[in-house]
Amino acid sequence: MMNRQAPNKTAGDALDVRPSPIAGQWYPGAPGTLRDRVQSYLDAADVEPLDGAPVALIVPHAGHVYSGGVAAHAYRLVQGQAYDVVAIIAPNHRIPNHDPFLTTGHDAYGTPLGPVPLAQDLVDALDARVGLSRMRRDPEHSLEIQLPFLQVALKGEFQLLPVMLNDQSRAACDALGQALADLLRDRNALLIASTDLSHFYDAQTARRLDSNVTDHIADLDPDGLFETLASGKGKACGGVPTVAVMLAARALGANRAKLLKYATSGDVTGDYHSVVGYAAAVLYA
């Protein structure tokens with residue numbers, strides 16, 4: 001069931017938690033197993049320390065068995081760090097709503113590791129800036145799949161600013177990127193863009209298409225990335241969210257970027273005839 005309206009709440013109401021539609025399928029459903037699995041990905045990720053502070057991460061959103069090892073390279077860089085707010089900007093694959101910007105109509109996202117509450121003040125402020133349609137019990141995976149990594153990697157609790165995009169225009173990128181920068185400028189915040197890369201090409205073709213995307217990310221070049229996606233020279237299902245996050249990150253002081261890891265589903269399955277591309281990157285100051 002979906003509803004564009006935020007839930008009515010009164011003082012003393014219990015937290016209205018969005019139940020996970022993917023726990024036990026896209027990642028382990030048992031809390032202990034999930035925590036251990038995520039920690040194993042983090043432990044295995046070999047990354048060099050940054051000579052700066054992370055502003056934004058770009059991470060894949062397939063099931064953990066496929067892309068968790070790649071995503072861990074980005075989350076390893078913020079392991080043990082504390083943030084008040086994490087803004088996750090993701091695409092919409094599964095919600096039958098075509099409004100430009102979507103968010104949850106619940107107070108929190110639920111995972112087996114516990115609820116992640118929304119930063120309601122920021123959700124409301126972003127709604128006032130760009131307009132957010134609030135969905136209840138949505139089935140979208142691309143945003144939720146990041147939460148267990150954040151729950152394991154980060155120190156302490158954090159609040160969530162979740163956004164899912166339908167609008168693929170440059171105007172939407174600019175509006176969302178500027179709004180995020182304005183709202184997060186004085187907050188202890190981390191930005192995350194959730195995206196996979198090309199889908200179902202052979203590995204050689206995938207690497208060619210994907211490098212056209214990752215090169216622009218590594219160059220901290222949102223303009224070039226948008227043009228590459230628009231021309232079809234590169235593929236990324238979360239490409240527009242990535243452009244918006246890059247714009248916001250630059251406005252928040254990021255002046256360098258680094259590609260941390262690239263792989264394909266073939267590296268897990270052994271099937272290189274039809275793969276999905278995954279990349280992890282960091283934008284930092």
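The values are calculated or read from the model by the stated rules, or taken from the named source; none is laboratory data. Keep in mind it's a predicted model, so treat the numbers as computed, not measured. We place every Cβ from the backbone using ideal geometry, glycine too, and count neighbours over all the protein chains shown.
Just a few scattered comments:
- Scanning region 57-65 turns up no residue that is more than 15 Å from the chain's Cα centre (by Cα), outside any helix (DSSP H, G or I), surrounded by fewer than 24 Cβ atoms within 10 Å (Cβ to Cβ) and of a type in the set (Gly, Ala, Ser).
- For region 174-211, a residue qualifies if it is closer than 23 Å to Leu147 by Cα, assigned to a strand (DSSP E or B) and either hydroxyl-bearing (Ser, Thr, Tyr) or touching a helix residue (DSSP H, G or I) at 6+ places or on another chain (Cβ under 8 Å) (or both), and the qualifying residues are Leu190, Leu191, Ile192, Ala193, Ser194.
- Scope region 237-277; condition in contact with a strand residue (DSSP E or B) (Cβ under 7 Å, 6 or more places away or on another chain) and on the phi > 0 side of the Ramachandran plot; matching residues: Gly253
- Region 185-227, subset hydrophobic (A, V, I, L, M, F, W, C) and in contact with an Asp or Glu (Cβ under 7 Å, 6 or more places away or on another chain), residue surrounded by the fewest Cβ atoms within 10 Å (Cβ to Cβ): Ala189
- Ala189 being at pLDDT 95 or above and touching a Ser or Thr at 6+ places or on another chain (Cβ under 8 Å): no
- Candidates Phe200, Phe158 - the one that is among the aromatic types (Phe, Trp, Tyr) and under 17 Å from Ala56 (Cα atoms): Phe158
- Ala44 being among the aliphatic types (A, V, I, L, M), closer than 14 Å to Ala153 by Cα and surrounded by fewer than 23 Cβ atoms within 10 Å (Cβ to Cβ): yes
- Hits in region 136-149 - residues which are closer than 14 Å to Val86 by Cα and assigned to a loop (DSSP other than H, G, I, E, B): Leu143
- Filtering region 249-274 to residues that are in a loop (DSSP other than H, G, I, E, B) and within 26 Å of Ala206 (Cβ to Cβ) leaves Ser265, Gly270, Asp271, Tyr272, His273, Ser274.
- Here Val38 clears all of (1) modelled with pLDDT of 95 or more; (2) assigned to a loop (DSSP other than H, G, I, E, B); (3) surrounded by 12 or more Cβ atoms within 10 Å (Cβ to Cβ) except the condition numbered (2).
- Every pair of residues 6+ apart whose Cβ atoms lie under 8 Å, when the first sits in region 56-68 and is of a type in the set (Phe, Trp, Tyr) while the second is part of a strand (DSSP E or B): Tyr66/Val276; Tyr66/Tyr278
- Residue within region 6-13 that is at pLDDT 95 or above, touching a strand residue (DSSP E or B) at 6+ places or on another chain (Cβ under 9 Å) and of a type outside the set (Gly, Ala, Ser) present: no
- Within region 66-83, being over 17 Å from the mean Cα position of the chain (by Cα) and either at positive phi or part of a helix (DSSP H, G or I) (or both) holds for one residue alone: Gly80.
- In region 25-35, residue surrounded by the fewest Cβ atoms within 10 Å (Cβ to Cβ) [restricted to those that are in contact (Cβ under 8 Å) with a residue 40 or more places away in the chain, part of a loop (DSSP other than H, G, I, E, B) and not aromatic (Phe, Trp, Tyr)]: Ala30
- Meets criteria (at pLDDT 95 or above, among the polar types (S, T, N, Q) and either outside any helix (DSSP H, G or I) or over 19 Å from Pro54 (Cβ atoms) (or both)) for Thr214: no
- Cβ-Cβ under 7 Å pairs, at least 6 apart or on other chains, region 252-269 side closer than 11 Å to Thr214 by Cβ, far side polar (S, T, N, Q): Leu259/Thr214; Tyr262/Thr214
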